[in-house]
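Let me give you the structure first, and then I'll get to my questions.
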Amino acid sequence: MSKTITAAVAFATVVAACGSGAGTASPGATPTPPHATSASSTAPGSGFDASTINVDLEPVVDIPGAPLAIATPRDGSGRLFVVDQGGQIWIVRDGKRSDTPFLDISSRISSGGEQGLLGLAFHPGFATDKRFYLDYTNPDGDTVVSEWRVASADATTADTSSERVLLTVDQPFANHNGGAVVFGPDGFLYISLGDGGSAGDPQGNGQKLDTHLAKLLRIDVDTKADGRAYGIPASNPFATRSGARPEIYVFGMRNPWRISFDRANGDLWIGDVGQGAWEEIDVVRAGSGGGENFGWNRTEGFHCYPGGDSCDRSGLTDPVTEYAHDLGCSVTGGVVYRGKAYPMLAGVYLFGDYCSGNVWAIDAAASRVDDPAIVAETGRSISSFGEDDAGEVYATDLAGTLLKVVAESR
């Protein structure tokens, strides 16, 4: 079912990130998290049957550049904000795009390949607290996470002089930058970072706790402490671990491309791009406390890496599901559907693949799904998923389109 990517889209392959070979570097000793989670069980969820639905991605509006992220301020305005890799953010309301960008930082970033403006999140209190947060690669190719404010009372333009840098992370290679920024139900900001790039994690960052790379981080943007521009939540799993970065929430990630919280129960969903064989979906269940080790570069999906049947799985948390590269080559993490328009999708986690354009659906309550169901073959270059205020789901095609997820019963 794989489809060939056109030359134009391949040139802008911000999310392909599959690497070019099997790395062999040893990561050394494996740290043990304080909340190590055992391998996932195979117990089914609530019995979701994908054969009973049809899903499609319906075009909403064209977006200039290469759209790759969607965010909503949840301020009652009904607006979607769509991020262009090249550095612009566009507002979409009632199916129409703004004539001018909300923000343009194209002069402040490096862009192309897997670099650029990669993530946007609005402060949970944006209705009254007009701050928002970006993740981008600067001209040196390093990751920057920064805070911004709006310039107008109606929040239609950003104040270009308001940037306050929170965090800068050196990137040893140009790929695997992660780039998602999302607020959790706890009010903290979660940040995804890849393993630093190249292939096979040659620096062993996935299994190290002294680096931000190959991690999801969690910070408190409403406080400052210990000389940082942000606070460290006291409940972070490594907040007091000597030699560990206190921002770390989970580790063992290769290139976490798009993360989201289930608005119904607080589960954290992660699409982690694979190396050369397997793409995976991971989940941090609400209440786990964090600290999960998702295995890279000891495992890829459910499998030992770089190959063979035997590897050290102690302390690892398995993915919820995976798919092989005969069905795609770069997973795009999705969202759990909690809208009202398509009740047949209630409690279903939807995710896609950038290369093939396939869309999968799995029961979000399942602890393991060995054969995720393809519910759409779109041929699109799916770069992100997002929700509007009502929980309806949208996606972006990196070729330049905002799409809406629609469904019907068979």
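The values are calculated or read from the model by the stated rules, or taken from the named source; none is laboratory data. All figures in this text were calculated on a predicted structure; none of them were measured in a lab. In this analysis, Cβ positions are derived from the backbone assuming ideal geometry, glycine residues included, and neighbour counts consider all displayed protein chains. What goes into the accessible areas is simple: the full protein's heavy atoms, side chains included, and nothing from ligands, DNA or RNA. Shrake-Rupley method; radii C 1.70, N 1.55, O 1.52, S 1.80 Å.
Test D154 against the stated conditions and say whether it is open to solvent by 10 Å² or more (accessible area, probe 1.4 Å), assigned to a loop (DSSP other than H, G, I, E, B), modelled with pLDDT under 95 and acidic (D, E). Reasoning before the result, please.
Working: open to solvent by 10 Å² or more (accessible area, probe 1.4 Å): yes; assigned to a loop (DSSP other than H, G, I, E, B): yes; modelled with pLDDT under 95: yes; acidic (D, E): yes.
Considered against the rule, which asks whether it is open to solvent by 10 Å² or more (accessible area, probe 1.4 Å), assigned to a loop (DSSP other than H, G, I, E, B), modelled with pLDDT under 95 and acidic (D, E), D154 comes out as yes.
Specify the residue that is farthest from the chain's Cα centre (by Cα); the eligible residues are those in region 157-172 that are part of a loop (DSSP other than H, G, I, E, B) and of a type in the set (S, T, N, Q).
Our first condition is that a residue be part of a loop (DSSP other than H, G, I, E, B); within region 157-172, this holds for 157, 159-163, 170-172.
Okay, now just the ones that are also of a type in the set (S, T, N, Q), so 157, 160-162, 171.
On the way: T157: 25, T160: 25, S161: 27, S162: 26, Q171: 18 Å.
Step by step, filter region 157-172, then rank; the result is S161.
Select from region 276-290 the residues that are in a strand (DSSP E or B) and not β-branched (V, I, T) and list them in ascending order. Walk me through how you get there before you give the answer.
Step one: filter region 276-290 for residues in a strand (DSSP E or B), giving 278-284.
Across region 276-290, the qualifying residues are W278, E279, E280, D282.
Looking at (1) closer than 15 Å to Y133 by Cα; (2) surrounded by fewer than 22 Cβ atoms within 10 Å (Cβ to Cβ), which is the only condition V83 fails?
(2)
Give the residue that is surrounded by the most Cβ atoms within 10 Å (Cβ to Cβ), with candidates limited to residues of region 166-194 that are farther than 14 Å from M253 by Cα and β-branched (V, I, T).
Result: V181.
From the residues in region 291-338 that are among the polar types (S, T, N, Q) and in a strand (DSSP E or B), which one is surrounded by the fewest Cβ atoms within 10 Å (Cβ to Cβ)?
T299
Mind telling me which of the residues D363, D353, D370, D389 ends up being in contact with a Lys or Arg (Cβ under 7 Å, 6 or more places away or on another chain), among the charged types (D, E, K, R) and at negative phi?
Working: D363 fails: in contact with a Lys or Arg (Cβ under 7 Å, 6 or more places away or on another chain); D353 fails: in contact with a Lys or Arg (Cβ under 7 Å, 6 or more places away or on another chain); D370 fails: in contact with a Lys or Arg (Cβ under 7 Å, 6 or more places away or on another chain).
That would be D389, the only listed residue that is in contact with a Lys or Arg (Cβ under 7 Å, 6 or more places away or on another chain), among the charged types (D, E, K, R) and at negative phi.
Among the residues of region 224-276, what is the count of those that are touching a residue at least 40 places away in the same chain (Cβ under 8 Å) and in contact with a His (Cβ under 6 Å, 6 or more places away or on another chain)?
Going through region 224-276 one residue at a time, the tally reaches 2.
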